[in-house]
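Have a look at the structure below before the remarks.
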Amino acid sequence: MRTLRPLLLGTLGALFAHAALAEPAGRVLSLVGDVTVSRADKNIKLTQGADIEAGDRLVVGDKSSVQIRFTDESIVSLRPNSEFKIEDYQFKRNAETDRSTFNLVKGGLRTITGAIGKGNQQNYGVKTSTATIGIRGTHYVLVSCLNSCFNPDGSLAPNGLFGGVTDGRIAVTNDNGSMEFGQQEYFHVASASEPPRRLIAPPRFLNGQTIPSLASKTGNGPATPLNSTTQDSGTSAQISTSPSATDLTSPSPSLPSSVTQYSVNGQPALSSGTGLIALVQASGYGFPNSNGTSTNVTSDQTTSAEFAAAGYSNITTPASLASALQSQGTTVGYNASAGIYWAYEQPDASDGAGHFGWHSGWGDPVTNMPTSGIASYAYVGGTSPTDSLGRTGTFTGSTLSVNFSTQQITNLSAMQMNFTGGPGATTITFAANQTWSIGSQTNQPIAATCSAGCTISYASTNGQFTGNGATGLAASIAVAGTVSAQAYAAGTVAVFAKQ
């Protein structure tokens, strides 16, 4: 049965933080379609869980994709029709000698860097035909176009390297010099001799899905995610991908530093008829035996074409996605005031011990986003929270005050996740009167505390406004910590409606 599961990078490298084997460079976390590896003059068809070695050249077929976790906990997701080589890789937990050099021969990737990039940035790089990417600790996406990238109207996009940064900074270096890009900045490098050119927003193909959005028709193995890496950058405005139409002469203004909670999409949606659906999701692990706790919250947008490529035809509206899931036995909730659907899927054996499942919420992308005035948003529903101890709890929401003039949101009362049973009652409280900025779709920390016997080491959220005039707000929320000295994680999707 096909299910609604995310595999964002974002996105999801932390979710698979099992201890890696010493010898392989990495392991396949998720695979869809036809992916082969060239190794020792042999072509080997990859399968989920297969080891990846230094020197391997991966070739990803049409309508196929693969996600790899390397031993330094970095994640690389390759999109269809990509070729990627691991030129040099060593990880011995020695910042001086550890190294990671990749080559994106063609196609596209999205990655979250791991310990190598954090320990010694000079020992990390991704080569392409037009530039080499160095990092400053980050999550970014690259697409190399050679008569292979297309605009929404079907026209051919310019050739060269396109990229964007979700979090952190990268350095783009070629024969012309070096230029850095930070969070929510995008660029195009036309050739090895031309400087990078800053783009005002990402071309649509840049944030196309790296992992197809739904499970394979065979129903074998773990469910293929609904949300992969589509547009977690937060911009959904339809633009020309011609560099001359989107260049910026100066960097984009940075977001205020007061962002502490929901990160929402303040950009206009693509024009009608594209089948774009806005989604938020939460998932995570509390590994047993105190081996670690990892959570992930995502906010993405997916097109009907991407659904079709994954085996779901005619998914053009949030309602059609809800119907498709219901036909397969998934319970779907809905609030008409917000115009938002939600669903929860239990973990299965492939997710491993301590997984709290997959929470999703979706609706129409926002249009006619207000630019002035103050509005209240009431909590109207969402998925019931679940945790890594197998418990289902309750969520107490809050009224949100949204100031569109100052681009700020405030929760007027505390919000809580409550669980009973198991080791005892667990109450997770998100403090009242936190203020954050309306910004792009990126993970943000939340201030959270826990009841006796429980600690919260990290809490995060992500979200999007939905509908005409921002009628709804969907937010994914997840926490990580310990309960009774055992690694712990919990999450939910909360839905708010404009009053």
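Residue-by-condition table, conditions (1) touching a helix residue (DSSP H, G or I) at 6+ places or on another chain (Cβ under 8 Å); (2) among the hydrophobic types (A, V, I, L, M, F, W, C); (3) open to solvent by 40 Å² or more (accessible area, probe 1.4 Å):
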position: ASP41; (1), (2), (3): no, no, yes
position: SER77; (1), (2), (3): no, no, no
position: SER82; (1), (2), (3): no, no, no
position: LYS92; (1), (2), (3): no, no, yes
position: ALA95; (1), (2), (3): yes, yes, yes
position: ASP98; (1), (2), (3): yes, no, no
position: GLN122; (1), (2), (3): no, no, yes
Original post:
Can you spot a residue in region 98-110 that is of a type in the set (Asp, Glu), at pLDDT 85 or above and over 22 Å from the mean Cα position of the chain (by Cα)?
Top reply: yes
Original post:
Given the conditions (1) modelled with pLDDT of 90 or more; (2) surrounded by fewer than 22 Cβ atoms within 10 Å (Cβ to Cβ), which single one is not true for LEU58?
Top reply: (2)
Original post:
If we keep just the residues of region 164-184 that are over 24 Å from ASN120 (Cβ atoms) and of a type outside the set (Gly, Ala, Ser), which is modelled with the highest pLDDT?
Top reply: ASP175
Original post:
If we only count strands (runs of 3 or more DSSP E) wholly inside region 49-167, which ones have 1 or more residues that are among the acidic types (Asp, Glu) and more than 24 Å from ARG197 (Cα to Cα)?
Top reply: 83-90
Original post:
Any idea which of GLY119, GLY125, GLY114 is out of contact with any His (no Cβ under 7 Å at 6 or more places or on another chain), more than 24 Å from ALA201 (Cβ to Cβ) and at pLDDT below 80?
Top reply: GLY119
**OP:** Name the strands (runs of 3 or more DSSP E) wholly inside region 419-499 in which the number of residues that are of a type in the set (D, E, K, R), open to solvent by 10 Å² or more (accessible area, probe 1.4 Å) and out of contact with any His (no Cβ under 7 Å at 6 or more places or on another chain) is 1 or more.
**Re:** 486-498
Original post:
Residue check, GLU180 against (1) under 20 Å from GLU87 (Cβ atoms); (2) open to solvent by 30 Å² or more (accessible area, probe 1.4 Å); (3) not in a loop (DSSP other than H, G, I, E, B); (4) not aliphatic (A, V, I, L, M), all met but one. Which one?
Top reply: (1)
Subject >> So ALA192, is it of a type in the set (A, V, I, L, M, F, W, C), at pLDDT 85 or above and either open to solvent by 30 Å² or more (accessible area, probe 1.4 Å) or closer than 30 Å to GLN328 by Cα (or both) >> reply: yes
Subject >> Complete set of residues in region 310-348 that are in contact (Cβ under 8 Å) with a residue 24 or more places away in the chain, of a type in the set (Val, Ile, Thr) and farther than 17 Å from SER476 by Cα >> reply: ILE315, THR316, THR317, THR330
Subject >> Residues (touching a Ser or Thr at 6+ places or on another chain (Cβ under 6 Å) and hydrophobic (A, V, I, L, M, F, W, C)) located in region 132-161 >> reply: ILE135, ALA157, LEU161
Original post:
Taking ALA378 and the conditions (1) touching a Leu at 6+ places or on another chain (Cβ under 9 Å); (2) farther than 23 Å from ILE277 by Cα; (3) not acidic (Asp, Glu), which numbered condition does it fall short on, given that it satisfies the others?
Top reply: (2)
**OP:** Working only within region 124-139, note down all residues that are more than 11 Å from LEU161 (Cα to Cα) and either among the hydrophobic types (A, V, I, L, M, F, W, C) or touching a helix residue (DSSP H, G or I) at 6+ places or on another chain (Cβ under 7 Å) (or both).
**Re:** TYR124, VAL126, GLY134, ILE135, ARG136, GLY137
Subject >> Count of region 321-340 residues which are under 22 Å from GLY469 (Cβ atoms) and either among the polar types (S, T, N, Q) or open to solvent by 70 Å² or more (accessible area, probe 1.4 Å) (or both) >> reply: 4
Subject >> Every residue from region 282-306 that is over 12 Å from the mean Cα position of the chain (by Cα), in a strand (DSSP E or B), modelled with pLDDT under 75 and not hydroxyl-bearing (Ser, Thr, Tyr) >> reply: PHE287, GLY292
Original post:
Only one residue in THR482, THR449 is among the hydroxyl-bearing types (Ser, Thr, Tyr), farther than 17 Å from GLY363 by Cβ and in contact with a helix residue (DSSP H, G or I) (Cβ under 9 Å, 6 or more places away or on another chain). Which one?
Top reply: THR482
**OP:** Residues being at pLDDT 90 or above and more than 13 Å from ILE86 (Cβ to Cβ): count how many of those fall in region 19-42.
**Re:** 3
Original post:
Are there any pairs with C-beta distances below 6 angstrom linking a residue in region 69-83 that is modelled with pLDDT under 90 and charged (D, E, K, R) to a residue that is assigned to a loop (DSSP other than H, G, I, E, B) and open to solvent by 20 Å² or more (accessible area, probe 1.4 Å), with the two at least 6 apart or on different chains, and if so which?
Top reply: ASP72/PHE91; GLU73/ALA17
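The values are calculated or read from the model by the stated rules, or taken from the named source; none is laboratory data. Note that the structure is a prediction, hence the values are computed from the model and not measured. Because the Cβ atoms are built from the backbone with ideal geometry, glycine has one as well, and the counts that use them run over all protein chains shown. Just the protein is used for accessible areas: all its heavy atoms, side chains included, with ligands, DNA and RNA removed. Shrake-Rupley method; radii C 1.70, N 1.55, O 1.52, S 1.80 Å.
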